[in-house]
Amino acid sequence: MIMSGFFRFGVWQNFFRAWKSGYSGNLEGEGFTLGGVYVIGAGRQGVLLEHREKEFGDKVSLPSVLEAAEKIKPQAS
């Protein structure tokens, strides 16, 4: 993924979007690991939201995270 990620157009779009908005990372660490976000409900609710980065800088939608978090039902004891 190192070289293929470097040549992807979307990666460069994400880089320039972050740069224009004033983001400056510390550039420490590996830097080649993609991340993700999971919202997991209580008990048997399971996974309410799953977002896996497909390319570097791929962001999750904050409204979808909040919507999924609102669906979490308290577990009866």
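Summary of values
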{"quantity": "Unit charges at the beta carbon, dipole of region 33-76: most positive-side option, 39, 74, 61", "calculated": "74"}
{"quantity": "For region 33-76, accessible area per residue (1.4 Å probe, heavy atoms of protein chains only), Å²", "calculated": "76 Å²"}
{"quantity": "Those residues of region 49-65 whose amide nitrogen sits under 14 Å from the label point placed on residue 18, 7 Å along Cα→Cβ", "calculated": "53-60"}
{"quantity": "Rg/Rg_globular for region 33-76, with Rg_globular taken as 2.2 N^0.38 Å and Rg from C-alpha atoms", "calculated": "1.28"}
{"quantity": "Full-extension gain in nm, residue 67 to residue 11, via 0.36 nm per residue minus C-alpha separation", "calculated": "17.5 nm"}
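The values are calculated or read from the model by the stated rules, or taken from the named source; none is laboratory data. What you are looking at is a predicted structure, and each value in this text was computed from that prediction instead of being measured. Please note: Cβ atoms are built from the backbone with ideal geometry, for glycine as well, and neighbour counts cover all protein chains shown. We work out accessible area using only protein heavy atoms, side chains counted, and drop any ligands, DNA or RNA first. Shrake-Rupley method; radii C 1.70, N 1.55, O 1.52, S 1.80 Å.
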